[in-house]
Amino acid sequence: MASTGILPTYQRFVNGVPVPSFSRRSFRPREKYLILLVFLTFGVVCFGTFFFLPEFRGSSGTVNSVYNVYKHMQKAGPDLLIPVPPHGHDFSEIPGGGKLIRHDDLDHPDPHKIEDKAKLLAKIEEDVELDKIKSQKVLERPEIMGISKKHTVGSVSESLKSLLPPQSVDAVEENLVDNLNLEKQKNIVTIPPAPSDHFPDTHQGEDPDPIAQERRLKVKEMMKHAWDNYVRYAWGKNELRPLSRRGHSASIFGSASLGATIVDGLDTLYIMGMEEEFNQGREWIANNLDLNNMNADLSVFETNIRFVGGLLSCYALTGDVMFRDKAEHVAEKLLPAFKTPTGIPYALVNVRTGASKNYGWASGGASILSEFGTLHLEFSYLSDVTGNPIYRQKVEHIRQVLRGMEKPRGLYPNYLNPKTGKWGQNHMSIGALGDSFYEYLLKAWLQSGKEDQEAREMYDEALARLIQHMLQVSQRSKLMYFSDMKFDRLEHKMDHLACFSGGLLGLGAHSLKNEVSERYMDIAKGITNTCHESYDRSATKLGPESFRFTEALEAKAMKTNEKYYILRPEVIESYLVMWRLTKDQKYRDWGWEAVEAIEKHCRVSGGYSGIKNVYLEDPQKDDVQQSFFLAETLKYLYLLFSDDSLISFDDWVFNTEAHPLPIKGINPLYREFV
Ligand code: DMJ
C-alpha cells in the first residue's frame, strides 16, 4: 500500500503495519524538546528530593536549606559518581550490614575496592559510635583508676591508658597539650571524654593487702543490703524505713517522692561496680525524676548536694547526658530562690510556683551559711558542662557578697539576712549551720585545678580565724576540738558534723605547703583522733550527734538529744582522707571498728537504721535509713579499703555529699561543654 500523504513522511509500514524506524540517526526538533523536557523534569525532581532528606529538614529558612544542600553536594563531590561495578565472585559479610561486598579474585584484590571497603567499614563503625552517643545509654568506662596526669601535662597515665582505646589516648593527650596552651591564654580547658562501652570491673581499685580486700568486700555487701531493701520496700520514695519496711521522707524533701536514695546512692553503685543495680537506678531517674508541676517545698541546699551533685557525678563518671540534663532540670527549679535583694538565696523553694522562704527558726528568717555557701562546686560545674553561665553567676555573686562583708573577728556568722544583707545572730561554728561553707572554699580551689585563688585565700583566712578563736584542747586528755561560739562566748561542744574538719584541714595542708601546713596537719590528726575518741567512749562504738568538754566529761554527749547516731559519715570521711595522706594503718582500723559497730547495732533484716542512744548496749532504733548512708558512709568506707587510685584525690574532689566531681584541667572526664 502506498503512502496516504496525510501520514508523517517518516512512518514506514510492513504488511500494512506501521514499524518504527531505526535507521534514522537524529531526532526531529519536537522530539528533542520532548526529551529535554523529560530530562529537565527528572533533574528537578532529583534535586528537589535533597530538600526532603531528614538531615536538611531541620534547617530554618529556605536560604539555609539551599546553602546546606549546596555544601553537602560539594562535599560529597566524587562520591556522587557511581562507582565501577565490581565483577567478582563471592560475597563477604560486613559488620552490621549483612552481605554487601562482593569479593574479587582474592589473590589479586583491587586496591580501590579494598580502600572502599575500609572506608565503608570505618563509616559503619562511625555510625554505630554515633548511634551510641546519641542514645547515650552506653556507659563510658571511667578513669576512676586515676589519671594521675597532674604533674605530666600532655600525657595520660599508664593506668588510664589501659582503660582506653588507643585512639582515645591519643585524643586525650593531644587535648591535654592543647589545653595547656589554652589554659595559658584564657583559662579554658576542653578535654574530650574517653569513650568506652564497658562498666568498670569489680576489681577496680583493689588493694593488694588481703585484709583490705576482705573488708572492702564486706562494705560492698553492706551496700547491697541497704540498696536491695530500699528497692524492695521503698522504691521511688526518698528513703527507707528498715523496721516498718516502707518509704520515708524527711521534711527537706517536702512531700514529694523524689527517689532521693536512688539519686544519692547511684555513684556509689557505679564505683563499687554494681552494674545491675546502677542500671536499675538509672532507668528510674530517666523515666521518673521530674520536678515539673510538683507542688513541693524543697531545701535548696539538700536538693543541690544530693540531687544536682549526685547527677553531675554520674554524668562525669559515665558520660551519659541524661544525668547532665536531669541535673540542669533540677538546678533550674532552684533558681527562683535566688531572687532576693542581695542574691543570697532562701532556704526553701516551691518547685511549682517558685515561691521561696527561709526557716522561721533561723535568726528571724535569715539564710544559713552552710546552705547558701554550699552551692559553688555543683553550680560552677553545671555551667561548665551545660554552657549556661547562669549557675556560676549565682554562686560567684554569693561569694562577692560574702567577701565584701565586715566579719566579726574575721569569723563568718552562721546567719545572713537575704533582704537586708546583714548578719543575723553572732553564732559561729564549723559544725551544724557553718560546716560545708568552709569545705567549699577549699574545694572550689581544688576543683578549679588550683586556679581559683580567691577561694583558697578565703579558705586560708577563714580557717586561720577559726583556729585562732575556736580551736581548743581538753584539760585531761588533751583532746583537740573545735568549739562553737555564741555572742563572743565559747560553747565547748563539737558536732559529729564538725568531724569532717579533720580531713578538710589535712587536705588543705597537703595541697599547699606553706608556713602553717605542718601545724595544720597536726590539727587534722588531732581532730580526727578526738572524733575517734567520741566513738570509742560509747558502749556501741558509734559516735553521738554532739559531744562536749566539761570538767566532768570529755568527748561525750550530755543531753538526751545529743546521743543519737543516724548513720552519719563525717568521722569516716576524715579517716579516709587521713589514711590517704598519712598511710597510718590506724585510720583503716578505726574505719573497720565503725563497720563492726554499724553491723552490730544498725543492721536489721530490712536495711540499716540509726540508733537513739550510742551509750546503751542495746539502743533503740530510729527506723530511718538515711540516703547519705549510701552516698557517703558506705562510699568512704569502700574507698578506705581500696587502692588510692580509685577516685584519686589528684583527679576528683568530693562534694559535701561525697559525690566526686572531676578536677578541671586535670581530669579528662570534666566534659566541659564546647
Ligand atoms: C550530709 O547530707 C552532708 O554531708 C552534709 O554536708 C551534712 N550532713 C549530711 C550527713 O551527715
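The values are calculated or read from the model by the stated rules, or taken from the named source; none is laboratory data. Everything numeric here is computed off the predicted structure, so don't read it as measured data. Here Cβ is always computed from backbone atoms with ideal geometry, including for glycine, and neighbour counts include all displayed protein chains. The area values use the complete protein model at the heavy-atom level, side chains included, leaving out ligands, DNA and RNA. Shrake-Rupley method; radii C 1.70, N 1.55, O 1.52, S 1.80 Å.
The figures follow:
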quantity: Whole-angstrom gap from the range 235-291 to the range 473-525, using each part's C-alpha centre; calculated: 34 Å
quantity: Amide H partners (placed H, <5 Å) of VAL653, local residues excluded; calculated: LEU661, ILE663
quantity: Neighbourhood net charge (10 Å Cβ-Cβ; Lys/Arg +1, Asp/Glu -1) for GLU570; calculated: -3
quantity: Note, ³J(HN,Hα) from phi for the range 595-603, Karplus 6.51, -1.76, 1.60, rounded to Hz, x at Gly and Pro; calculated: 4, 4, 5, 5, 4, 6, 10, 10, 7
quantity: Solvent-accessible surface (1.4 angstrom probe) belonging to LYS333, in square angstrom, nearest 10; calculated: 40 Å²
quantity: Inter-part distance where the range 372-428 and the range 562-577 are each reduced to a Cα centre, Å; calculated: 26 Å
quantity: At R0 = 22 Å, FRET efficiency that the Cβ-Cβ distance of SER251 and LYS612 yields, to 0.05; calculated: 0.70
quantity: Contour minus Cα-Cα distance for HIS329 and ASP584 (0.36 nm per residue); calculated: 87.5 nm
quantity: Histogram of C-alpha separations across the range 240-335, 10 Å bin width, %; calculated: 15, 51, 30, 4
quantity: Amide H partners (placed H, <5 Å) of GLU206, local residues excluded; calculated: ASP643
quantity: Cα-based Rg / Dmax (Å) for the range 573-674; calculated: 16.5, 57
quantity: Cut-off 16 Å (backbone N to label point 7 Å along Cα→Cβ of GLN425), residues of the range 356-370; calculated: 359-370
quantity: Convex hull volume per residue in cubic angstrom - Cα atoms of the range 313-429; calculated: 112 Å³
quantity: Distance in nm between pseudo-label sites at GLU551 and LEU217 (7 Å out along the Cβ direction from Cα); calculated: 5.4 nm
quantity: Alpha carbon convex hull of the range 430-543, projected area averaged over orientations, nm²; calculated: 7.6 nm²
quantity: Separation of the LEU34 and ASN279 label points, Cα + 7 Å toward Cβ, nm; calculated: 6.5 nm
